[in-house]
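Novice: Input: one structure, supplied below.
Values in this text are rule-based calculations from the coordinates and carry no lab data. If you're wondering where the values come from, they're calculated on a predicted model, not measured in any experiment. Virtual Cβ from ideal backbone geometry, glycine too; neighbours counted across all protein chains shown.
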Amino acid sequence: MKLAEKITALAVMTAITAASAAAVFNGNFFRNMADISSEKLLEGGFADELAEKTADSFPFAKELRAVAAEIGAKAGEPVVNRVYISEDRLLSADEYSLSAADNCTAAVNAFSAGYEGAVYFTAVPTSTGIYGDSLPSYLLPVTEKQLTERIYEGMSSDIRKIDAYTILKNLSENYIYYRSDTKWTSYGAYCVYRTVIQKLGFIPVPYDKYAIRHVTDSYRGNLYNRTGYMESRADILDIYEYDDGTEIISCTGIDSQGVSHEISLYDMEAAESENPYDLYLGEPMEFVEIKTTVNNEKALLVIGDETADCFIPFLTKHYSEIAIASADNFEQVLEKYTDTKKYEQTLFILGMEHIAENYRGE
């Protein structure tokens with residue numbers, strides 16, 4: 001028996017032992033285990049199969065996924081729950097479809113056609129988009145670069161397209177993405193902000209003007225949650241502070257139930273919660289309106305997903321008013337909460353993960 005086969009067999013024994021105390025009376029676990037064929041044990045893919053089959057079938061499923069991830073990585077099967085375990089970081093191996101690009105483009109073009117102001121668009125790659133060269137090619141039949149190019153090619157010529165991919169790819173040696181999450185870090189967001197804000201007509205705040213505060217160095221993100229792989233390094237959540245006299249007058253969020261909340265750019269309590277990334281703008285809102293002491297009467301509309309959350313604070317130094325509409329069903333959100341004629345500029349800032357999931361169609 002080959003070494004990988006021995007380790008795989010050991011994985012079965014370990015997994016069943018670890019689960020037995022909690023699952024002995026849980027028929028779902030054993031039914032799911034029975035579905036994993038003997039061929040899977042020998043040909044590879046055991047760790048991924050086991051992680052999927054035990055997703056929520058018993059109380060210790062999370063712990064078992066961690067066991068599957070650790071043993072799978074050591075056995076040369078580094079894909080667990082569609083997450084690739086590399087030496088330096090976790091990377092999503094979710095597959096994309098070019099139809100998502102076409103559907104996203106159609107939605108943005110439709111908005112632009114009925115909007116009187118200037119539209120700017122940037123698609124923000126996930127960590128896989130920047131570091132995915134280390135993944136086997138069969139895992140990603142469509143790359144994020146291909147998806148991004150397809151989006152931009154189909155977009156109306158009057159939409160200003162901002163190439164975040166090239167900016168971030170050129171800075172890939174820096175800490176621009178979390179090791180355990182698909183999203184960019186605040187520094188990654190800052191690097192793109194420098195280009196975006198110039199396109200919008202302003203001079204960016206120099207990096208050395210910011211005081212950078214490390215809020216937590218124990219953040220483990222969405223890819224860690226999918227694998228439980230404890231050998232992945234924890235990440236740092238930062239906030240960028242620049243005291244130029246500009247202040248936030250108000251920051252109001254409206255949730256999915258239509259209830260209004262006073263929120264802040266940074267929810268410090270969230271850093272210690274089950275969702276530490278809610279540090280940026282707090283819990284998800286359908287619509288957020290920020291008013292500042294910037295005395296230029298300029299208003300910006302941002303349409304974005306959670307990728308935009310850590311990006312927004314950089315914009316507050318340049319506008320007297322910023323509105324953020326959730327990219328989920330943004331047409332309905334805008335219709336309910338604002339008049340787009342108020343804004344001379346609209347910035348779409350969408351993560352590739354959001355595009356792939358929300359525009360994939362049937």
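Novice: Select from the range 87-147 those GluC sites (Glu not before Pro) which occupy a DSSP coil region and have at most 14 other Cβ atoms within 10 Å, ordered by residue number.
Specialist: Those satisfying the criteria are 87, 95, 116.
Novice: Spelling out what I want: for every residue of the range 299-313, take phi, set θ = phi - 60°, compute 6.51 cos²θ - 1.76 cosθ + 1.60 (Karplus), and round to whole Hz; glycine and proline get x.
Specialist: 10, 10, 9, 10, 10, x, 9, 5, 4, 6, 4, 7, 8, 4, x
Novice: Here is a further query. Per-residue HN-Hα couplings for the range 159-169, Karplus 6.51 cos²θ - 1.76 cosθ + 1.60 at θ = phi - 60°, whole Hz, x for Gly and Pro?
Specialist: Ordered by residue, 3J(HN,Hα) equals 8, 7, 9, 10, 8, 5, 4, 5, 4, 6, 4 Hz.
Novice: I would also like to ask the following. With a Förster radius of 25 Å, plug the Cβ-Cβ distance of residue 218 and residue 255 into 1/(1 + (r/R0)^6) and report the FRET value to the nearest 0.05.
Specialist: 0.35
Novice: Picking from 270, 239, 258, whose Cα lies most toward the positive end of the charge dipole for the range 234-278 (charges on Cβ: Lys, Arg +1; Asp, Glu -1)?
Specialist: 258
Novice: By per-residue mean of other Cβ atoms within 10 Å, what is the highest-first order of 200-208, 338-346?
Specialist: 338-346, 200-208
Novice: Something else now. Which residue, 140, 156, 104, has the largest displacement toward the positive end of the dipole of the range 85-157 when charges sit on each Cβ (Lys, Arg +1; Asp, Glu -1)?
Specialist: 156
Novice: Tell me, what is the FRET efficiency for residue 113 and residue 139 to the nearest 0.05, using R0 = 30 angstrom and their Cβ-Cβ distance as r?
Specialist: Given R0 = 30 Å and the Cβ-Cβ separation, E is 0.20.
Novice: For a quick check: with amide H placed at 1.01 Å from N, whose amide H comes under 5 Å from residue 216's, ignoring anything fewer than 5 positions away on the same chain?
Specialist: 237
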